[in-house]
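Undergrad: Before I ask anything, here is the structure I am working with.
All of the numbers you see were taken from the coordinates with simple rules; none came from a lab. Predicted, not measured: the structure shown is a model, and the values here were computed from it. Positions of Cβ are generated from backbone atoms using ideal geometry, with glycine treated the same way; all protein chains shown enter the neighbour counts.
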Amino acid sequence: MKKKIGLFFFTIALVNCSADSDLVDILAPSTVINLTFPKNLSECTEGTWVSDTESELTFLWEKIDIVETYKMTLTDLNNSETQELESTEAQLKVTLKRGTPYSWNISSASNPNKIRSETWVFFNEGPGLETFAPTPAIALSPVSGASISATSTVVNLRWKAEDFDNDIIGYDIYFGENNDPGIFETDLENPQFNDIPVTSRKNILLENSN
């Protein structure tokens, strides 16, 4: 089944800064934690069956000697509910909903900005599913809360969306200054849109739906 993703961009008041309109100042980690399991963009059939609605899965990543406690950030991509869990070992057993897409990443509990992993996405297998909804889009630029230059009059939007069936056919953008923005552009084939006019002292935030 072919699918289209709707992306909602809206604006709120913002502080001033000197960044370029299409660049975001992101601190790169000094130490990268390598994730191992479950694999990125995989349908996970491993784990222990708990009930018709839940299963237990052990997450794995590579050990970093300087990290005493790891923090896992686990997000249910159906409803954006996020859990933060800790482990002193390079693994963590978690009970998950079946038939549900998740994203996860690992960081140092004491220094999460400098010691962290990429964010991976997987689908926890459920009974009788033949097709999968796309995962919610992730803003790449600007990220939520990012600032743009006070002299900038346009912004370039970039995002990332994944689909386990690999059959996304396009994107619709909704853009405005309120929580129910009107449609701005439809049937985009690529996950980016340039030269959207904006007012200075505004934030660009991303909310999306499948």
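Undergrad: Holding the Cα-Cα limit at 20 Å, pick out from Lys39/Lys93; Lys39/Lys114; Lys97/Lys160 the pairs that are longer than that.
TA: Result: Lys39/Lys114; Lys97/Lys160 exceed 20 Å.
Undergrad: Counting Lys and Arg as +1 and Asp and Glu as -1, what is the net charge of the other residues whose Cβ lies under 15 Å from the Cβ of Leu57?
TA: Once all neighbours under 15 Å are counted, the net charge is -2.
Undergrad: Report the one residue of Asn78, Thr100, Asn111 whose Cα lies farthest in the direction of the positive end of the charge dipole of the range 31-124 (charges on C-beta: Lys and Arg +1, Asp and Glu -1; origin at the Cα centre).
TA: Towards the positive end, the residue furthest out is Asn111.
Undergrad: Net charge near Gly47, counting Lys/Arg +1 and Asp/Glu -1 over other residues with Cβ under 11 Å of its Cβ?
TA: Net charge around Gly47: -2.
Undergrad: What does the extension gain come out to for Thr119 and Asn40, with contour length at 0.36 nm per residue minus their alpha carbon separation?
TA: Working it through step by step, the gained length comes to 27.6 nm.
Undergrad: Let me ask you something else. I need the semi-axes of the equivalent ellipsoid of the range 31-124: take the C-alpha gyration tensor, multiply each eigenvalue by 5, square-root it, list largest first in whole angstrom.
TA: 23, 13, 12
Undergrad: Would you mind putting 66-79, 45-58 in packing order, based on average other-beta-carbon counts within 10 Å, highest first?
TA: In descending order of packing, they fall as 66-79, 45-58.
Undergrad: Further, regarding this structure: Mind checking the full-extension length gain between Lys63 and Leu188? Use 0.36 nm per residue of separation minus the Cα-Cα distance, one decimal, nm.
TA: Full extension of this stretch gives 40.9 nm more.
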